[in-house]
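Beneath this line is the structure, given in structure tokens, with notes to follow.
We did not get these values from a lab; they are worked out from the coordinates using the rules stated. Since we're looking at a predicted model, the values are computed, not measured. Here the Cβ positions follow ideal geometry from the backbone for every residue, glycine too, while neighbour counts run over all protein chains shown.
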Amino acid sequence: MSRIYFDYNATAPLRPEAREAFVQALDVGNASSVHQEGRAARALIESARVTIAAALGTRTDLVVFVSGATEAANMALRPQTSSKSYDLLLIGGGEHPCVTAGHGFPPDRAEIVALDAQGRLNLEILRQRLAHRQPMLALQAVNNETGVIQPVAEAAEMVHAAGGLLVCDAVQAFGRVDCCFAATGADLIFLSSHKLGGPKGAGALAFARRELLPKVGLIRGGGQERGFRGGTENPAAIAGFKAAVVAAANDRSAEARRLGELRDFLQVGVLEIAPEAAIFGKEAARVGNTLAFALPGLSAETLVAAFDVEGVALSSGSACSSGKVTPSPVLASMGVSAEFSRSALRISLGLMTRKEEVVRFLEILARLRERMRRRLGDQA
């Protein structure tokens, strides 16, 4: 039987529209050249810039193309903007490693703001941290492990009242919830192409206002991207990125409903098979494609490998850290014990997911759970 892909939050399969745009742009010239081939490449890039600026609700000259979310976070989370310095970085307890490890603040000037038990940023703790400070806050729109929608607009209002700045990782949000500047109140937003079904190696960092642009680029060289990001642009990846942005925006409402129904069906099935299962973020608003749960007493590492043998691709957390045996920092910030979090699995659905795959997954889950519980009983 064909394999079941339940790891869209790690990367989404390439959308047909993105594949076509990518292939068509493979042979264009260098966008810095002034001849016809160079102008064709430049036109592709600037067309994509217009599309992404419109999707996020900002000006085209405030969108910088980068290689992905990691580079965007490294560029955005630095103490100095063009007009102001920040001496403190507050980091939401559920942030991706590209934020927690990629920022440019000294270690003693970066603090984690914990999540509540449902995986939302604890706004009361944020309020306490903001007292008499003007920090930068890094906050996801949607958590990549639990799918919990974060209170970005509320946090932005609090941060702005304190004279601070909010940087929003919208990687898991775009195409699932409204995450434009007007909806989030964010000052900076970044996206990653491959999470939307575009090519890997492309992303965007967008600014709400010109004075937020950095004084110098993270990558210095030939002055591309108006000096903010040196290096020859990748027109093919950017063209595919644009196509994925358009398709994801057009599909958003219908896909949110469809995937939400599939996720709810899946959640009910998991609890019927394993009543002892814990659903992370169950009482919080979540995007419809993500289900994070734990099967107490069973190893997620073993389960992920067993599912792979059975033809199912899923994850035990962030794709950037799921290969490690350390407990999830996201779940730890929610107050989940290290032992419990080692039993956590993440299922993330997407454009190609069908109900028959969910049904088949539940059959495999029931079989694997019984097999592992029987082995544990034999070892006792």
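Rg over Rh for the chain works out to 0.99, using Cα positions for both radii and the Kirkwood form for Rh.
Kindly identify region 57-97 as rounded, prolate or oblate by the Cα gyration tensor criterion: order the square roots of the eigenvalues as a ≥ b ≥ c, call it rounded if a/c is under 1.5, otherwise compare a/b with b/c, prolate if a/b is larger, else oblate. Since a/c reaches 1.5 but b/c is at least a/b, the shape of region 57-97 is classed as oblate.
Largest GNM mean-square fluctuation across Gln140, Gln224, Gln172, computed for the chain with C-alpha springs under 10 Å, falls on Gln224. Ranking of Ile347, Ile238, Ile112 by neighbouring Cβ atoms within 10 Å, starting from the fewest: Ile112, Ile347, Ile238.
Averaging Cα coordinates gives a centre for region 2-41 and one for region 155-185; these two points are 28 Å apart. Computed over neighbours whose Cβ is under 14 Å from that of Ala244, the net charge equals +3, Lys and Arg +1, Asp and Glu -1. The amide H of Leu166, built 1.01 Å from its N in the peptide plane, has Leu137, Asp187, Leu188 as neighbours under 5 Å, considering only residues 5 or more places off or on other chains. Each part reduced to its alpha carbon centroid, region 213-261 and region 57-118 end up 17 Å apart. For a straight C-alpha distance cut-off of 16 angstrom, the lysines reachable from Lys200 (same-chain residues fewer than eight places away being disregarded) are Lys242.
Answer rounded, prolate or oblate for region 91-160, using the Cα gyration tensor with square roots of eigenvalues a ≥ b ≥ c: rounded when a/c is under 1.5, else prolate when a/b is larger than b/c, else oblate. Taking the square roots of the gyration eigenvalues as a ≥ b ≥ c, region 91-160 is oblate. Bridging of Lys84 to aspartates and glutamates at a Cα separation below 14 Å is possible for Asp187, Glu211, once same-chain residues fewer than 8 apart are set aside.
If you take all other residues with their beta carbon under 12 Å from the beta carbon of Phe265, and give Lys and Arg +1 and Asp and Glu -1, the sum is -1. Under the simplified labelling scheme, the Leu376-Gln134 pair shows an inter-label distance of 5.3 nm, with each label point 7 Å from Cα along Cα→Cβ. Is the shape of region 327-380 best called rounded, prolate or oblate, per the rule: a/c under 1.5 gives rounded, else a/b larger than b/c gives prolate, else oblate, with a ≥ b ≥ c the square roots of the Cα gyration tensor eigenvalues? Oblate shape, in that a/c is at least 1.5 and b/c is the bigger or equal ratio. Within the shell of other residues whose beta carbon sits under 14 angstrom from the beta carbon of Arg3, the net charge comes to -3, with Lys and Arg scored +1 and Asp and Glu -1. Taking Gly231, Gly57, Gly198 in turn, the Gaussian network model of the chain (Cα-Cα springs below 10 Å) assigns the largest fluctuation to Gly231. With the helix formula -39500 (n - 2.57) applied to DSSP H stretches of n ≥ 4, the chain reaches a computed 222 nm mean residue ellipticity of -12000 deg cm²/dmol.
Going from the residue with the fewest nearby Cβ atoms within 10 Å to the one with the most, Phe22, Phe265, Phe280 rank Phe265, Phe22, Phe280. The dipole here belongs to region 223-363: it is taken about the Cα centre, uses +1 on the Cβ of Lys and Arg and -1 on the Cβ of Asp and Glu, and is about 520 debye. Structural descriptor for region 16-246: relative contact order 28 percent, calculated from alpha carbon pairs under 8 angstrom and at least 6 residues apart. Highest mobility in the GNM of the chain, judged by mean-square fluctuation with C-alpha springs under 10 Å and restricted to Ser33, Ser333, Ser341, is found for Ser33. Look at the dipole of region 229-362 built from charges on Cβ: of Ala274, Thr353, Val245, the Cα furthest out on the positive end belongs to Val245.
For region 16-246, the residue among Phe22, His35, Ala161 whose Cα projects farthest onto the positive side of the dipole built from Cβ charges is His35.
The residue list Leu126, Gln140, Val64 was ranked by how far each Cα lies along the charge dipole of region 16-246 toward its positive end, using unit charges on Cβ atoms, and Val64 comes out on top.
The residues Leu218, Leu298, when put in order of fewest to most other Cβ atoms within 10 Å, stand as Leu218, Leu298. Each Lys and Arg contributes +1 and each Asp and Glu -1, all at the Cβ; summed about the Cα centre of the chain, the dipole is approximately 380 debye.
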